[in-house]
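Participant: Take a look at this one; I'll ask things after.
The values are calculated or read from the model by the stated rules, or taken from the named source; none is laboratory data. Keep in mind that this is a model prediction, so the values were computed, not measured. A quick note on method: Cβ atoms are made from the backbone with ideal geometry, for glycine too, and the neighbour counts reach across all protein chains shown.
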């Protein structure tokens, strides 16, 4: 990425600090991903994206801006990307997934804040990630307390629009969210200078739905035994989908799904037939957080599905494409997004239903319910998750962790003990 | 078939050799090289049993040092090993409390040591052997002397959660003339409270066993019983249950 | 360019792994293809025949990746 140094300098990045991250990435990616055997050829694209991770897509975004387009950074799967693309903008998920950025966040945030929030704030304040410096506006939300207050601090640095996510799912909450989407449309129109019509919104809905369909295909392939793709690889696909161009993302995911379906026909798997099948459920894993998947899969078990924002919650449920008026489309968006079962909602028993359903669809042997350290919402919810799963004889273990290397061996022991329980 | 189980802990390495009805045990400080400690354990077991290394059919290793030890046929977690070991010694046990050098665990088992749930504290020294080690040093005692030196009648409750601050607290308490026996009872209570809380969250099913290096300490046993409210069984071989479990698993692996 | 070369190598059944450039090869990031020393002569030929621009060919001392966290 020698060519990109100029681009990074122009963005005002701290090149010295950034170099430190650049240094660990090849080893990290190599040790975690490239040691795998028999990866689908379709993963070549995603390997390429990682190799040029701070180059290719940022360059595309800058080009878009040069041509008068606007870029929006987002932090939650509740933000309707469709609105941004309908106005000719680019939306990209920005959540930080590396320990590298956490100390930057800790300069302004309390230490007992979720690492995802700390990393997201740190990436911007330390100027060590191009994705954080390019957007014309951040679209944030008040899903959890940590984020709600962190945005107040970050909002001093970059123009921000906050979407008020309801805390319940009654009819009046869906109506309230509809109103938020309308507001959001107004803001995006103002920033981009483009009017959103039912045509453009209709097109955008199809665009994002296509990406969802493609990811669903990739995931469906993981229901097979032997599983044709590793959980690490599937996670990487999902993570990259958060910020790549939606049309290309869908195409690449469909290519991969074609190959996986072929593998299923041939009986080609990347884990032996009798490998333990694990579901990971809980808080999202922003790129490059591959820690838990790596621990589980190095112990010989396959992660076959993720019930998280970097998993099924990202693409399950399509937006109803039959709406033809703007009102109808906004309603359809609100209804689809409000189906996402995040712990920031109460009650959230629907997430437990999802976990049980997915456990059956993906023929899961055990569930690891995980949350990032200090996430009160998911860690409290884990009590009910455990209760419900234990009643149904579904083995579950709970892991709370952060991005650091410190607890690697401890986690390994716990996961190993859990797998020993399952292997009997 | 002759098998060996090795439990390489943070403080001590333990070994168990099973030769039909003949059992042999070995225990040494782990020191800085888990690999060498494991090796020495094997040598000691062979010397004690009078056997040659090629007569040993299988070696299983467990404990924090298992990753570094390369001469075993298989590594198994301490959770599974303690479960198997205790099930052998006390078949009626359904909850195991294990307090080791640098972690504490609660393991729920069913018959034959089948693990159904477990919880670990391995992030904080409080509630582990390390806590007692630090405190013993501060009191000028060997950690093995703590159990016999406590005086629960003169209990001096420790308020600090953190090992480092607790150390300052007891030094201050001693300086103010508070009875040493009471302070030690307070230390045991501190450990008991923390581990009991973990056990309660897991759900306690009788019978309950207490194992690991710290189980030698009758004061901690007393404190646990007080917190949990049930009688607790402590095996004579409490330091060896992990190694025993490993040796049994090696034997049963077909 | 890296993807193009990978595609051609795939067609010739030569093993290549796409990777972020390892530190030993270059301080700057970017795409690298990790290949087997034994295939080098043929690969060099392919690069020439297809006028593919590459920065460098570097020999890596080790045979395998070690895990590092991010």
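Participant: May I ask you to verify whether residue A:354 is modelled with pLDDT of 95 or more, outside any helix (DSSP H, G or I) and closer than 27 Å to residue A:295 by Cβ?
Facilitator: On the way: modelled with pLDDT of 95 or more: yes; outside any helix (DSSP H, G or I): no; closer than 27 Å to residue A:295 by Cβ: yes.
So residue A:354 does not fit the description; no.
Participant: Among the residues of segment B:54-80, write down those that are free of Cβ contacts under 8 Å to residues at least 24 places away in the same chain, in contact with a helix residue (DSSP H, G or I) (Cβ under 6 Å, 6 or more places away or on another chain) and away from every other protein chain (no Cβ under 14 Å).
Facilitator: Scanning segment B:54-80 gives no hits.
So that you can scan it fast, the table gives a plain yes or no per residue for (1) modelled with pLDDT of 95 or more; (2) within 18 Å of the chain's Cα centre (by Cα); (3) under 17 Å from residue A:289 (Cα atoms):
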residue	(1), (2), (3)
A:202	yes, no, no
A:212	yes, yes, no
A:221	yes, no, no
A:227	yes, no, no
A:233	yes, yes, yes
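Participant: Same structure again: Looking at (1) touching a helix residue (DSSP H, G or I) at 6+ places or on another chain (Cβ under 9 Å); (2) assigned to a helix (DSSP H, G or I); (3) without any contact (Cβ under 8 Å) to a residue 12 or more places away in the chain, can you tell me which one residue B:159 breaks?
Facilitator: (2)
Participant: Also: Looking at residue A:244, is it under 22 Å from residue A:293 (Cβ atoms) and part of a loop (DSSP other than H, G, I, E, B)? Write out each step before concluding.
Facilitator: Working: under 22 Å from residue A:293 (Cβ atoms): yes; part of a loop (DSSP other than H, G, I, E, B): yes.
Judged against the criteria, residue A:244 is a match.
Participant: Could you list, in sequence order, all residues of segment B:197-228 that are within 18 Å of the chain's Cα centre (by Cα), buried (at least 18 other Cβ atoms within 10 Å of the Cβ) and without any contact (Cβ under 8 Å) to a residue 40 or more places away in the chain?
Facilitator: If the condition is that a residue be within 18 Å of the chain's Cα centre (by Cα), buried (at least 18 other Cβ atoms within 10 Å of the Cβ) and without any contact (Cβ under 8 Å) to a residue 40 or more places away in the chain, then B:221, B:223 are the ones that fit.
Participant: In addition: Looking at residue C:39, is it within 11 Å of another protein chain (Cβ to nearest Cβ), part of a helix (DSSP H, G or I) and modelled with pLDDT of 75 or more? Step through it out loud before you land on a result.
Facilitator: Working: within 11 Å of another protein chain (Cβ to nearest Cβ): no; part of a helix (DSSP H, G or I): yes; modelled with pLDDT of 75 or more: yes.
No: the conditions fail for residue C:39.
Participant: Run residue B:140 past the list (1) buried (at least 20 other Cβ atoms within 10 Å of the Cβ); (2) on the phi > 0 side of the Ramachandran plot; (3) away from chain A (no Cβ under 14 Å) and report the number of the one that doesn't hold.
Facilitator: (1)
Participant: Moving on. For segment B:82-100, does any single residue satisfy the condition of being under 26 Å from residue A:414 (Cβ atoms), surrounded by fewer than 18 Cβ atoms within 10 Å (Cβ to Cβ) and in contact (Cβ under 8 Å) with a residue 60 or more places away in the chain?
Facilitator: yes
Participant: Checking the structure you have, find out if any residue of segment A:212-221 is over 19 Å from residue A:312 (Cβ atoms) and surrounded by 15 or more Cβ atoms within 10 Å (Cβ to Cβ). Talk me through it step by step, then tell me what you get.
Facilitator: First pass over segment A:212-221, keeping only residues over 19 Å from residue A:312 (Cβ atoms): none.
Scanning segment A:212-221 turns up no residue that is over 19 Å from residue A:312 (Cβ atoms) and surrounded by 15 or more Cβ atoms within 10 Å (Cβ to Cβ).
Participant: Oh, and also: Only residues that are away from chain C (no Cβ under 12 Å) and either at pLDDT 95 or above or farther than 19 Å from residue A:301 by Cβ (or both): list them for segment A:397-412, please.
Facilitator: Result: A:397, A:398, A:399, A:400.
Participant: Conditions first: (1) farther than 18 Å from residue B:90 by Cα; (2) under 15 Å from the mean Cα position of the chain (by Cα); (3) crowded, with 16+ Cβ neighbours inside 10 Å. Residue B:250 passes all but one, so which condition is the exception?
Facilitator: Single failed check for residue B:250: (2).
Participant: Looking at (1) modelled with pLDDT of 95 or more; (2) more than 23 Å from residue B:90 (Cα to Cα), find the lone condition where residue B:194 falls short.
Facilitator: Here residue B:194 meets the rest and fails (1).
Participant: In segment B:84-103, how many are closer than 17 Å to residue B:198 by Cα and within 11 Å of chain A (Cβ to nearest Cβ)?
Facilitator: Counting residues in segment B:84-103 that are closer than 17 Å to residue B:198 by Cα and within 11 Å of chain A (Cβ to nearest Cβ) gives 2.
Participant: So is residue A:356 in contact with a strand residue (DSSP E or B) (Cβ under 8 Å, 6 or more places away or on another chain) and over 19 Å from residue A:115 (Cα atoms) or not?
Facilitator: Working: in contact with a strand residue (DSSP E or B) (Cβ under 8 Å, 6 or more places away or on another chain): no; over 19 Å from residue A:115 (Cα atoms): yes.
When the stated conditions are applied, residue A:356 does not pass them.
Participant: If you take just the helices (runs of 4 or more DSSP H) that sit entirely in segment A:1-114, which of them hold at least 2 residues that are in contact with a helix residue (DSSP H, G or I) (Cβ under 8 Å, 6 or more places away or on another chain) and either within 14 Å of another protein chain (Cβ to nearest Cβ) or surrounded by fewer than 23 Cβ atoms within 10 Å (Cβ to Cβ) (or both)? Write out each step before concluding.
Facilitator: Details: elements: A:4-11, A:15-29, A:43-51, A:56-66, A:81-86, A:102-106.
Helices (runs of 4 or more DSSP H) meeting the threshold: A:4-11, A:15-29, A:43-51, A:56-66, A:102-106.
Participant: Got at least one residue in segment A:373-390 being crowded, with 22+ Cβ neighbours inside 10 Å, in a loop (DSSP other than H, G, I, E, B) and either touching a residue at least 60 places away in the same chain (Cβ under 8 Å) or under 19 Å from the mean Cα position of the chain (by Cα) (or both)?
Facilitator: yes
Participant: Which of (1) without any contact (Cβ under 8 Å) to a residue 60 or more places away in the chain; (2) surrounded by fewer than 23 Cβ atoms within 10 Å (Cβ to Cβ); (3) within 21 Å of residue B:253 (Cβ to Cβ) does residue B:107 not meet, given it meets every other one?
Facilitator: (2)
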